[in-house]
1. What FRET efficiency would be calculated for the residue pair residue 70, residue 157, taking the C-beta separation as r and a Förster radius of 35 Å, to the nearest 0.05?
2. Take the stretch 64-127, drop everything but the C-alpha atoms, weight them equally and run the Debye formula without solvent; then report log10 I(q)/I(0) at 0.18, 0.22 Å⁻¹ to two decimals.
3. For the stretch 71-187, treating each Cα as an identical point scatterer without solvent, what Debye log10 I(q)/I(0) comes out at q = 0.13, 0.15, 0.18, 0.20 1/Å?
4. Which order do 160, 123 fall in if you start with the one that has the fewest other Cβ atoms within 10 Å?
5. Calculate the spin-label point distance for residue 178 paired with residue 121, positioning each point 7 Å from the Cα along the beta-carbon direction, and give it in nanometres.
């Protein structure tokens, strides 16, 4: 290595190589060394093993969450989301908002959806053979354990409960889920 003066007073660092052009030519002919090949193999093997282990872990995690109770909750939540989009009283000109005969939240009572439906009333293809049964219950505000039914003209304040029961393809009940519903306009 030598230091010399360059143009306009700048110092230029000049490096000299110990390797000759013949060394580079000999290296290109012989290819990679055994140590380089071994190191590359170890790096690739580590990457492949890590990727395969990661895929195995995610597959077993997906299977855990794809079992009955989790699927049932997902299907029940779809009905709940659909119910949130429905009006409490019929609106002129709107008909069959969530399937035939369902124009309001109260119309969901007694409905059974098989194939199962999403919040936008589309068939959920991955769970087309599951069933969603819906019940609307009116409960006493004073004692929510008492079902009072829908009494037109009643002055008793009630709670509205949306209950969704999910049945798997064999007809076994996978769970019943419930939500308290309220009219946004009365809050």
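Throughout, read-outs are computed from the coordinates displayed, never taken from laboratory work. Since the structure is predicted, the reported quantities are computational estimates derived from the model, not experimental observations. Cβ sites come from the backbone with ideal geometry, for glycine too, and all protein chains shown count toward neighbours.
1. Values: r = 35 Å, r/R0 = 1.01.
Efficiency, rounded to the nearest 0.05: 0.50.
2. The computed values of log10 I(q)/I(0) come out as -0.65, -0.89.
3. Here log10 of I(q) over I(0) equals -0.51, -0.67, -0.93, -1.09.
4. On the way: 160 18, 123 12.
The fewest-first ordering by Cβ neighbours comes to 123, 160.
5. Rounded to a tenth, the inter-label distance reads 2.7 nm.
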